[in-house]
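Encoded as structure tokens, the structure appears first; notes follow it.
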Amino acid sequence: MNDAPLRLSIIIGSVREGRFGPKVAHWYHDQAKAFAAFDSEVIDLADYPLPTALAPFDRPRDEVVVKLGTKLAESDAFCVVTPEYNHSFPASLKHAIDHFRGEWAAKPIALVSYGGMAGGLRAAEHLRLVFAELHAPTIREMVSFHNAWSSFDAHGNSGEMDRAVSAVTTQLRQLEWWARHLHKARIADPYAF
């Protein structure tokens, strides 16, 4: 078995000013760094101001699209950190997802949501449908922060640490299994759809 770390990209799905996503994403990143199977990094969509219009896939891409696309293509697995806006995920996240196709295909996706009483679960469920269309399996185990703003202290630590760490550990184990096997499969028999 190849023990080389897999590339895990943790994507901050909201670009809204004053957003809470970076706190959740960096906390998750700290948990993932302790998991030897992954070499993880945070990708903040706010750092990639994508063009408003989607270019056809057969045309040259804008420089920022190429830059983000390269990072996604190099990834073996993803963790998408999403808030819930109006019972779904942010438009910025959908826009970023829609700019790419093959970069997502045959790569597993873990979902981490946050929000009010529902903890962003409706946003995560909507993402499952979107990623299924892109041939990207989502991990069964969820990490969700209900009333997230009161779940983290000023230093980014979760007040629900034991429960949250347990959920992240389970999620990362599932993500690693899928990522490792799909990585081998993509090398042996490149995925086409």
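Taken together, the values in this text are just the output of simple stated rules run on the coordinates, not laboratory data. Bear in mind that the values here come from a model prediction, so they are computed numbers and not experimental data. When we count neighbours, we look across all protein chains shown, and the Cβ atoms used for this are built from the backbone with ideal geometry, even at glycine.
Over the chain, what relative contact order in percent results from Cα pairs under 8 Å that are six or more residues apart?
22 percent.
In this model, which of K67/K184; K23/K107; K67/K107 are farther than 23 Å apart at the alpha-carbon?
Among K67/K184; K23/K107; K67/K107, the Cα-Cα distance tops 23 Å for K67/K184; K23/K107.
So if the hydrodynamic radius of the chain is defined as the Kirkwood radius over C-alpha pairs, what does Stokes-Einstein give as its diffusion coefficient at 4 °C and 1.567 mPa s, in µm² per second? Write out the running numbers ahead of the final one.
Values: Rh = 16.8 Å.
My calculation gives 77 µm²/s for D.
Taking R0 as 30 Å, what's the FRET efficiency between W177 and E133 from their Cβ-Cβ distance, rounded to 0.05?
Calculated value: 0.85.
Looking only at V81, V130, V143, which one moves most when the chain is put into a Gaussian network model with springs between Cα atoms under 10 Å?
Its mean-square fluctuation being the largest, the pick is V130.
Could you please rank E103, E41, placing first whichever residue has the fewest other Cβ atoms within 10 Å of its Cβ?
Numbers: E103 19, E41 15.
Least crowded to most crowded, the residues run E41, E103.
Which number comes out as Rg/Rh for segment 1-72 once both Rg and the Kirkwood Rh are worked out on C-alpha atoms?
Result for segment 1-72 is an Rg/Rh of 1.06.
Sort F131, F145 so that the residue with the fewest other Cβ atoms within 10 Å of its own Cβ comes first and the one with the most comes last.
On the way: F131 21, F145 25.
Ordered by Cβ neighbours within 10 Å, fewest first: F131, F145.
Expected output is a single nm value to one decimal: the length gained when fully extending between D58 and A4, i.e. 0.36 nm times separation in residues minus the C-alpha distance. What is it?
16.1 nm is the gain from fully extending D58 to A4.
Taking 25 Å as R0, compute the FRET efficiency from the Cβ-Cβ separation of V165 and D47 and round it to 0.05.
The pair V165/D47 has a calculated efficiency of 0.35.
Could the peptides 56-63, 86-93 be put in order, highest first, of the mean number of other beta-carbon atoms found within 10 Å of their residues?
Packing order, densest peptide first, comes out as 86-93, 56-63.
Select from L45, L127, L111 the residue whose mean-square fluctuation is largest in a Gaussian network model of the chain (Cα-Cα springs shorter than 10 Å).
L45
Based solely on its DSSP helices, what 222 nm [θ] is calculated for the chain when runs of n ≥ 4 H residues each add -39,500 (n - 2.57) and the sum is averaged over all residues, nearest 500 deg cm²/dmol? Don't jump to the answer; show the numbers that get you there.
On the way: 5 runs with 74 residues, N = 193.
Taken over the chain, the calculation gives -12500 deg cm²/dmol.
Just to be sure I understand: with springs between alpha-carbon atoms less than 10 Å apart, which residue in P49, P108, P137 has the highest mean-square fluctuation in the Gaussian network model of the chain?
Most flexible of the set in this elastic network: P49.
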